[in-house]
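Below: the structure, in structure tokens.
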Amino acid sequence: MVEYKNNKIRVRCLECREEHFIEMEHIGTDKEQRSLGFEYEHTFRGELKCSHCMEKMRLLTIVYEYPKEIINYVDNSDESCLVMDDVNNDSFDIIKVKYGSKN
Ligand SMILES: [Zn+2]
């Protein structure tokens, strides 16, 4: 599992340029069998309505953990907002957990 060092991400509304913090939450983890074991895809999502212009801003971040306990890469997709903070491999901590058979 991975966790944000700080899950409040600074964004700028594309509509009115106002700055906000979007709070990200973990919405699920998928896994896929690969040559070095499972690859875990941890998906995080944040949504916020701009308090200035009411535009709905969204940020989706997928963290690819592969091999286990190594962050391979981080993929961001934003909607109606510009991400001001760097969201990359250094933005996350690896949480060492034993993955059960259900994961
Ligand atoms: Zn706005």
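Lacking any other cysteine beta-carbon closer than 4.7 Å, the following Cys residues of the chain have no compatible partner: Cys81. If you average the alpha carbon positions of the range 24-62 and of the range 81-95, how far apart do those two centres end up, in angstrom? Measuring centre to centre over Cα atoms gives 12 Å. Among the listed pairs Lys49/Lys96; Lys5/Lys49; Lys56/Lys96, those with a Cα-Cα distance over 29 Å are Lys49/Lys96; Lys56/Lys96. Of the peptides 55-65, 87-97, the order by per-residue mean of other Cβ atoms within 10 Å, starting with the highest, comes out as 55-65, 87-97.
Indicate the gyration tensor shape class of the range 41-89 (rounded, prolate or oblate), computed on the Cα atoms with a ≥ b ≥ c the square roots of the eigenvalues: a/c under 1.5 is rounded; otherwise a/b larger than b/c is prolate and the rest oblate. Prolate, since a/c reaches 1.5 and a/b exceeds b/c. Would you list, by chain and number, the lysines whose Cα falls below 20 Å from the Cα of Lys98, excluding same-chain residues fewer than 8 positions away? Partners within reach: Lys31, Lys68. Using the Cβ-Cβ distance between Met54 and Asn6 with R0 set to 22 Å, the FRET efficiency from 1/(1 + (r/R0)^6) comes to roughly 0.25.
Given R₀ = 35 Å, what would the calculated FRET efficiency be for Arg17 paired with Thr43, taking r from the Cβ atoms and rounding to 0.05? Efficiency for this residue pair is about 0.80. Assuming charge only on the beta carbon of Lys and Arg (+1) and of Asp and Glu (-1), the dipole of the range 2-94 about its Cα centre is about 160 debye to the nearest 20.
Counting Lys and Arg as +1 and Asp and Glu as -1 over every other residue whose Cβ lies under 12 Å from the Cβ of Arg45, the net charge comes to -4.
What net charge do the residues around Asn6 carry, taking every other residue with its C-beta under 14 Å from that of Asn6, with Lys and Arg at +1 and Asp and Glu at -1?
With Lys, Arg at +1 and Asp, Glu at -1, the neighbours total -4.
Which of rounded, prolate or oblate describes the range 2-94 when judged by the alpha-carbon gyration tensor and an a/c cut-off of 1.5? In terms of gyration-tensor shape, prolate.
Each reported figure results from applying straightforward, stated rules to the coordinates on display, with no laboratory input. Just so it is clear, the model here is predicted, and its values are computed rather than measured. Cβ atoms come from the backbone with ideal geometry, glycine included; neighbour counts cover every protein chain shown.
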